[in-house]
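The values are calculated or read from the model by the stated rules, or taken from the named source; none is laboratory data. Every value quoted in this text rests on a predicted model; they were computed, and no experiment measured them. Cβ: placed from backbone, ideal geometry, glycine included. Neighbour counts: every protein chain shown.
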């Protein structure tokens with residue numbers, strides 16, 4: 001009879017659990033039936049090694065017990081004990097390996113189920129804070145940790161700050177700020193590679209500067225990393241930290257791999273949320289810009305002006321939704337006021353300044369001062385706002401007495417209008433700087449006598465600078481040709497034709513600046 005005795009005194013160095021003979025009883029019975037040998041598992045107590053042949057039984061290279069041949073002490077019994085020990089050890093080792101593999105498969109199955117469930121939960125969230133909260137809660141459960149935190153980059157400071165946490169004092173998230181490359185979290189963020197710090201390694205709390213983490217027994221940090229399309233470029237959004245692992249005092253490479261997979265899932269959804277939010281904000285901004293454009297265009301004269309022998313009309317085409325160009329005309333007592341202006345820039349700030357300028361010009365025109373004096377007063381009224389917003393305004397302003405046909409005008413850094421009289425052309429010019437350059441700016445005014453059939457073409461520099469595919473500008477000659485081609489049209493249609501001619505000159509190239517034209521015709525009274 002061969003007895004397998006198990007060793008209760010230890011001596012195993014493979015880290016396996018305690019040997020339990022009940023796990024192997026059935027296997028030993030099957031082996032006994034196959035060999036025709038009586039085999040039994042008994043405790044080691046009472047074994048006298050000098051009296052019976054014995055051989056060590058090893059499972060996975062570590063001694064677990066002894067194989068003993070009962071009743072004989074000769075050499076044949078010793079060989080039998082050795083053979084029995086070898087067979088039993090191999091069988092037990094194979095069984096243990098199978099059990100270990102089964103446990104590993106079960107663990108992997110649980111991990112896959114966790115990742116699947118986690119992906120489903122994260123994919124249903126459209127709020128970045130909710131995603132971070134879910135990740136720290138699930139992460140602490142998965143790794144059986146006391147504390148976890150997610151740090152993301154603050155767009156203003158460029159530092160990593162805690163967005164969500166579990167197990168940290170309430171004051172900590174607001175206090176912690178880590179620069180990329182500094183501390184463990186900063187290094188993980190900068191490198192895009194996870195880090196494990198176990199007990200005995202340099203304390204991570206010293207690097208993070210968090211006093212509440214100085215008693216941590218281990219630390220795991222992984223990047224929140226995504227791969228952007230279509231260039232397949234890796235981008236790190238933040239880091240996921242876990243510490244104070246219960247039951248054990250160390251993280252493993254398997255933990256790092258699993259947590260990295262969880263972090264990648266969350267990072268992808270955070271990125272998707274940001275894209276959705278950015279898209280939503282763009283749509284809202286576009287709608288606001290469209291509304292602003294509608295409001296801005298509604299402030300421009302929609303109908304042509306008919307006053308005595310004078311008719312005026314204009315057209316404005318912003319390069320974007322809103323712009324800094326404007327034109328206006330209005331009747332004041334016995335004269336007509338005309339203005340065309342261009343605020344530097346093509347954004348909402350330029351549009352708001354253009355609106356403010358229009359209001360100030362209309363208000364100041366009612367005080368019946370000189371044209372140059374009006375321009376100086378408008379410059380003074382808007383100067384502080386122009387300086388703060390870093391904007392400038394070019395202006396051409398004129399007043400035409402209907403009874404005499406005399407036009408008095410002032411130019412402040414604006415392109416020279418075209419005056420067409422009896423087939424001849426000339427350019428209206430005076431000296432004057434852009435509004436916003438000097439608070440006490442000086443402006444020159446001149447007067448010109450208009451005759452029947454005279455046409456004045458006013459425009460902004462966006463029309464002159466409109467370029468075709470070969471970088472050729474529309475220029476003054478383009479303005480003159482377009483005006484001559486549209487001579488028989490009413491002023492409003494003529495202004496539109498000039499703008500469209502500049503647009504056609506560009507071909508497929510977009511307009512880089514706002515384009516505006518205002519046309520005035522002085523002739524016989526228009527019958528209504």
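List of remarks:
- Residue list for the range 491-524, filter: over 20 Å from residue 422 (Cβ atoms) and out of contact with any helix residue (DSSP H, G or I) (no Cβ under 9 Å at 6 or more places or on another chain): 492, 493, 495, 496, 503, 504, 506, 507, 508, 509, 510
- With respect to the stated conditions, residue 503 is surrounded by 14 or more Cβ atoms within 10 Å (Cβ to Cβ) and either farther than 22 Å from residue 397 by Cβ or without any contact (Cβ under 8 Å) to a residue 24 or more places away in the chain (or both).
- Matching residues, the range 147-175, being farther than 19 Å from residue 218 by Cβ, surrounded by 14 or more Cβ atoms within 10 Å (Cβ to Cβ) and in contact with a helix residue (DSSP H, G or I) (Cβ under 7 Å, 6 or more places away or on another chain): 160, 162, 163, 164
- Set 378, 395, 361: member being under 15 Å from residue 428 (Cβ atoms), assigned by TED's automatic domain parsing to the domain that holds residue 462 and buried (at least 22 other Cβ atoms within 10 Å of the Cβ): 395
- The combined condition, being at pLDDT below 90, in a loop (DSSP other than H, G, I, E, B) and in the same structural domain as residue 384 (by TED's automatic domain parsing), is fulfilled by residue 488.
- Whichever residue in the range 366-394 is over 46 Å from the mean Cα position of the chain (by Cα) and not in a helix (DSSP H, G or I) and, among such residues, is modelled with the lowest pLDDT: 368
- Restricting attention to the range 395-447, the residues that are farther than 16 Å from residue 371 by Cβ and touching a helix residue (DSSP H, G or I) at 6+ places or on another chain (Cβ under 7 Å) total 6.
- Count of the range 131-146 residues which are buried (at least 16 other Cβ atoms within 10 Å of the Cβ) and in a helix (DSSP H, G or I): 11
- Qualifying position, being over 44 Å from the mean Cα position of the chain (by Cα) and either part of a loop (DSSP other than H, G, I, E, B) or buried (at least 17 other Cβ atoms within 10 Å of the Cβ) (or both), among 441, 426, 478, 462: 441
- Residue check, residue 280 free of Cβ contacts under 8 Å to residues at least 40 places away in the same chain and within 26 Å of residue 155 (Cα to Cα): yes
- Test: residue in the range 337-346 that is at positive phi and touching a strand residue (DSSP E or B) at 6+ places or on another chain (Cβ under 9 Å): no
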